[in-house]
Amino acid sequence: MMTGRESRMWVGVDCGTQSTKVVILDPDTGQIVAQGQRSHALEEGANGRREQDPHDWITALEGAFDDALEASGIDPQRIVAIGVSGQQHGMVVLDEAGVPLHPAKLWCDTETRDHNAALVEALGGEAGCLEALGLVLQTGYTASKLAWLRERHPERYQRIASILLPHDYLNFWLTGERVAEYGDASGTGYFDTRRRCWHQDVFAQIAPELDAQRVLPRLIESHEPAGHIRPEIAARFGLRPDVVVSSGGGDNMMSAIGTGNIAPGRVTLSMGTSGTVCAWSADYPAGCDPQVASFSASDGGWLPLVCTMNVTSATTRVREMFGFDIATFSAQVASAPRGAEGVQILPFFNGERVPMLPRAQASFHGLDSRNTTPANLCRATMEGASYGLRYALECMGSLGSAARQIRLVGGGAKSPLWRQMLADILGLEVVCPQVTEAAALGAAIQAGWCLEQSGDEGQGRHSETLEQLCERLVALDHATLAQPQAEGVAAYRKGYADYRALLASEHGIATGG
């Protein structure tokens, strides 16, 4: 029998685009005692198709969990709670036996852009979407993927018994329960983010032949458990049979928890393949730009969020074009002056979500015989991706202007040069948390919170609120702190104005502030 507070461990799982990570958290010390990671393949095709096999996520989770347990050397019986974070918007459709009918179409899939445009029109345009759903449908949301499947693969569509998001699917594998929580459900395109329920009428427009009551998962609150671990999974890893699996959530919602972004004034900015900017709100954020996705949070509040499709994906494209490794690319950026001697880029290699330009392509501007150098092209790409993040923050209106600190996560956050560039472009201090795997940490913290709320006798540490857990378990790495510098702020004020002017001339996007 497990006794003593020191015996309890919480596990966080983060299933992303490139890999699945598992962390084991000791909630008493606040330390990640071990972690594991396994990659999975991204299948890319013509016309913006980006898919993955859900079975690969399971294989990666098993391998990463095995690695973490082996690295920690802990008794698996000490694990009492598991939380899962997953990439948002992905469509996982299952048959009656719970087997995927089609590869999961991912958040970054733009093959369904025409279906999204048709759905927006059917709902009455931007105003109709806001009225029905509290947000505007965007290419990448689950809704247009389902419409696409209905048209392109009707035989698979007709066999659908369940429609899940990636983290829902992993919860299903762990527990056998088909459930969804409000945060991740917000990104489907058939969920009412104001009333926090499935929008039956919108779903009927997308999939008229399907019964929403049958195929959509049961909605649960963020603090509710998805269920207990299935006996065969417990046996597979040597876990207790009563391990609680929390509601979990989308990766952005879990990153917010993992960075302590559950109070006003903080903004989490993820610099990964894509870029996400999110700010917490106690109430539905009615004053944001319509491009802001007014998602629910996975803590009971709201998490208005903006996603840009091209951050490290853009710098990686240009870096690989020149054959540079990361260190060489960074040296090239550092050797070029602010503004890259007039070279500018709209880095829309993957199209763009915000601003809403799914068909856009990347383009360099201002090139001449003097400034066309690898260093300037590399720096312009980093600056262009960063300007897109400032654009995203400005879309949040008062929530953005009230920000006092940016908490950075993702691969791009590792660069001191990029951190300072962002501080100067945004005019705000930026800092990274000590635990860089914010989504996995957030999932582990939420798992512990859910365990406390579930009332499982003997397992709760003591009654801590989520705010108290984050205050205790989320620590900042003050060595990464970057403060805006007057010279950089002035230079980038002009650079951003030029970027907005380029958006206006090339794509008709209003110049704004």
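The values are calculated or read from the model by the stated rules, or taken from the named source; none is laboratory data. Because the structure is predicted, anything quoted here is derived from the model rather than measured. Backbone-built Cβ (ideal geometry, glycine too); neighbour counts: all protein chains shown. For accessibility, only protein heavy atoms count, side chains too; no ligands or nucleic acids. Shrake-Rupley method; radii C 1.70, N 1.55, O 1.52, S 1.80 Å.
On a C-alpha basis, how far is the centre of the stretch 97-170 from the centre of the stretch 296-311 in Å? Whole number, if you could?
Cα centres, the stretch 97-170 to the stretch 296-311: 19 Å.
Considering only protein heavy atoms and a 1.4 Å probe, what is the carbon-and-sulfur percentage of the accessible area of the chain?
49 percent
Please give the calculated 222 nm ellipticity per residue for the chain, where each DSSP H segment of at least 4 residues contributes -39500 (n - 2.57) and the sum is spread over every residue; nearest 500 deg cm²/dmol?
On the way: 19 runs with 197 residues, N = 513.
Only helices count here, giving -11500 deg cm²/dmol.
What FRET efficiency do you get for A510 and A97 if R0 is 56 Å and r is their Cβ-Cβ distance, rounded to the nearest 0.05?
0.65
Using Cα centres only, tell me the gap between the stretch 351-374 and the stretch 10-78 in whole Å.
35 Å
Taking θ = phi - 60°, what integer Hz values does the Karplus form 6.51 cos²θ - 1.76 cosθ + 1.60 yield along the stretch 344-350, in sequence order, with x for Gly and Pro?
10, 9, 9, x, 8, 5, 10
Run the 1.4 Å probe and let me know the accessible area of I326, rounded to the nearest 10 Å².
Answer for I326: close to 120 Å² accessible.
Residues in the stretch 98-131, backbone N under 17 Å from the label point at Q158 (7 Å along the Cα-to-beta-carbon vector): list them, ranges by number please.
Label zone hits: 101-102.
Keeping every protein chain in place, order L94, L399 by accessible area at 1.4 Å, biggest value first, i.e. largest first.
The residues order as L399, L94, largest area first.
Please give the solvent-accessible surface of D114 in Å², to the nearest 10, using a probe radius of 1.4 Å with every protein chain present.
Counting only protein heavy atoms, D114 exposes about 90 Å² to solvent.
Could you rank R194, R230 by how accessible they are, 1.4 Å probe, largest area first?
These residues rank, largest area first, as R194, R230.
For the Cα atoms of the chain, what angle does the longest principal axis make with the long axis of helix 374-394, in degrees from 0 to 90, nearest 10?
60 degrees
Using heavy-atom solvent-accessible surface (probe 1.4 Å) with all chains present, what is the largest-first order of K21, K145?
I get K21, K145, largest accessible area first.
Any idea how far the Cα center of the stretch 227-269 sits from the one of the stretch 387-452, in Å?
19 Å
What is the chain's relative contact order, in percent, from Cα pairs under 8 angstrom and six or more apart in sequence?
Averaging sequence separation for qualifying contacts and normalising by length gives 15 percent for the chain.
With every protein chain present, what accessible area does R214 have (1.4 Å probe, heavy atoms only), rounded to the nearest 10 Å²?
100 Å²
Given a Förster distance of 25 Å, report the FRET efficiency between R218 and T59 from their Cβ-Cβ distance, rounded to the nearest 0.05.
Computed FRET efficiency for R218 and T59 comes out at 0.40.
Along the charge dipole of the stretch 69-137, Cβ charges K/R +1 and D/E -1, which of S72, T110, A132 sits furthest on the positive end?
With unit charges placed on the Cβ atoms, the residue in question is S72.
Exactly which trypsin sites (Lys or Arg not before Pro) in the stretch 341-386 are in a DSSP loop and have at most 15 other Cβ atoms within 10 Å?
R359, R370
List the lysines whose alpha-carbon lies under 21 Å from that of K145, not counting same-chain residues fewer than 8 positions away?
K105
Would you kindly state how much longer the chain becomes between E471 and A501 on full extension, computed as 0.36 nm times their sequence separation minus their alpha carbon distance, in nm to one decimal?
Length gained, E471 through A501: 6.6 nm.
Need one number: % antiparallel among DSSP beta bridges in the chain, to the nearest 5. Show your work: numbers first, answer last.
Details: 49 of 73 bridges.
Of all bridge pairs located within the chain, approximately 65 percent are antiparallel.
Quick one: accessible area per residue over the chain, 1.4 Å probe, rounded to a whole number of Å²?
Numbers: 18630 Å² over 513 residues.
Solvent-accessible surface per residue comes out at 36 Å².
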